[in-house]
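All remarks here apply to the structure that follows.
What follows draws every value from the coordinates through simple rules; no lab data is involved. In this text the structure is predicted, and so the values were computed from the model without any measurement. Please note: Cβ atoms are built from the backbone with ideal geometry, for glycine as well, and neighbour counts cover all protein chains shown.
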Amino acid sequence: MRVLIEELTSKVYLTPFTALSALMYHVLISKGIQVAGFCDKNARLHGESYENCMILDSCEIAKDNAEKVVIVCAYYTQIIPKLRQLGINRFITLDQVLTKNHVITSLNMIDKKRICELAPKQMLRLNHINHEIRKFILPEVALKKSSLVLSNVEFPITEKCTLRCGHCSNLVQYYKTPRHIEVEQVCSDFISLTKIVDFIRLLKIIGGEPFLHPELSKFLSFFSEYKENYGSFQLTTNGTVVPDDITMLMLKEADVYVQISNYCGLSVNCSKLVHKLDEFEIAYQLWDNIVWRDVMRIVDKNGIHDAHRVFCECTMPCNTVKNGRFYHCPFLAQGETLQVFPYDEKNHVVLDSVCKKEDIKSYIESDEYHPGCRYCSGYSKHNMIVPTAWQVREPIEYTRLG
């Protein structure tokens with residue numbers, strides 16, 4: 001439900017401290033609404049200020065007995081339960097208040113230098129903040145109580161890659177005969193999904209290496225026709241391939257922002273790609289110094305206890321759609337394709353004519369591990385750090401059980 005800023009008569013706090021909450025601060029100030037403070041779990045920020053507005057610990061806000069409302073600007077599923085635990089029950093989310101008109105009037109007011117001083121990691125978001133904002137400007141249909149909004153969905157368009165990273169979370173290292181996914185299949189899957197869900201905050205094209213797909217331009221043209229169904233559109237690449245000018249024009253037309261994983265000596269064309277993206281004025285995000293962990297590796301069947309632990313600790317944030325099915329993560333999607341584990345309908349939701357919102361909601365919100373989790377090494381901070389983009393010469397062997 002849309003909330004008008006003029007209706008905010010209580011004390012207002014913003015959480016967490018990000019580029020988006022800074023934007024919301026300027027939106028509120030421009031409307032004559034005073035902001036009582038920011039709150040963030042990062043102790044390093046406590047006592048600091050942005051535009052003379054203090055950054056506090058959420059416990060301090062809980063102690064404020066005055067009538068208050070907290071605007072949650074990101075990480076809803078993590079932050080809202082914690083606010084409730086502290087007894088803070090009046091909160092609204094960024095997408096309930098933010099509109100395109102607010103962005104137009106307030107975007108240039110952001111003090112980027114100060115944000116980067118306080119939170120250097122926010123530089124990545126500031127560099128493509130227009131794309132970041134689009135995730136939170138929802139159409140009216142997506143604001144209904146019955147709506148289904150997905151934070152992100154990945155569509156793998158190829159299993160082929162220029163690299164063979166031994167710890168690739170898309171399991172490319174296990175494919176002996178990788179293939180390109182048919183354009184018709186991906187387009188059909190997307191249309192099926194949009195008939196069920198109301199909005200996708202972030203739509204991703206991934207691989208393998210997406211720039212290897214000979215029909216990439218068809219994907220870009222197709223998704224361009226459905227911009228009302230998603231907020232931001234991202235393509236992920238490893239910086240080894242520089243697309244031709246026609247593809248670059250298509251990227252610009254589709255308003256894609258390109259996420260480049262820079263693996264130093266392996267991303268041999270990273271500089272050339274960045275130069276060309278600048279030339280065509282295409283937004284991009286350059287990820288350097290990436291820390292890799294031993295995650296989502298195929299393992300011998302976990303026991304029930306370990307499978308439950310793998311599921312509960314998992315921080316893999318990527319819903320994946322492949323071959324007409326919706327998966328919680330790429331391991332389940334690619335693992336089913338590779339026949340890593342026996343087929344089980346509990347690993348996915350079939351996007352057919354009888355699929356309903358409730359089917360996807362219950363699948364996403366379930367606290368039961370998926371059968372495929374029993375074959376995954378997990379994805380969490382507890383996984384061991386490994387060399388970034390370590391290469392294997394041959395596909396890694398595994399036992400097929402599907």
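General remarks:
- MRE, 222 nm, helices only [DSSP H, n ≥ 4, -39500 (n - 2.57), over the chain, to nearest 500]: -8500 deg cm²/dmol
- Legend: residue pairs K82/K357; K145/K346; K113/K160, Cα-Cα distance threshold 31 Å; pairs beyond threshold, K113/K160.
- Prolate/oblate/rounded call for the stretch 1-80, Cα gyration tensor, a/c under 1.5 rounded: rounded
- Estimated D of the chain in µm² per second, where Rh is the Kirkwood radius over Cα pairs and Stokes-Einstein applies at 37 °C, 0.692 mPa s: 145
- Distance histogram in 5 Å bins (all Cα pairs of the stretch 34-191, percent per bin): 1, 6, 11, 14, 15, 14, 12, 9, 8, 5, 2, 1, 0
- About its Cα centre, the dipole of the stretch 9-134 is roughly 220 debye, where the only charges are +1 on Lys and Arg Cβ and -1 on Asp and Glu Cβ.
- Take 266-275, 22-31, 377-386 and order them by the average number of nearby Cβ atoms within 10 Å per residue, most first; the result is 22-31, 266-275, 377-386.
- Mean-square fluctuations from a GNM of the chain, with a 10 angstrom spring cutoff on Cα atoms, peak among V291, V256, V197 at V291.
- Least to most buried among R114, R293 (fewest other Cβ within 10 Å first): R114, R293
- Rg/Rg_ref, the stretch 231-352, where Rg_ref = 2.2 N^0.38 Å and atoms are Cα: 1.33
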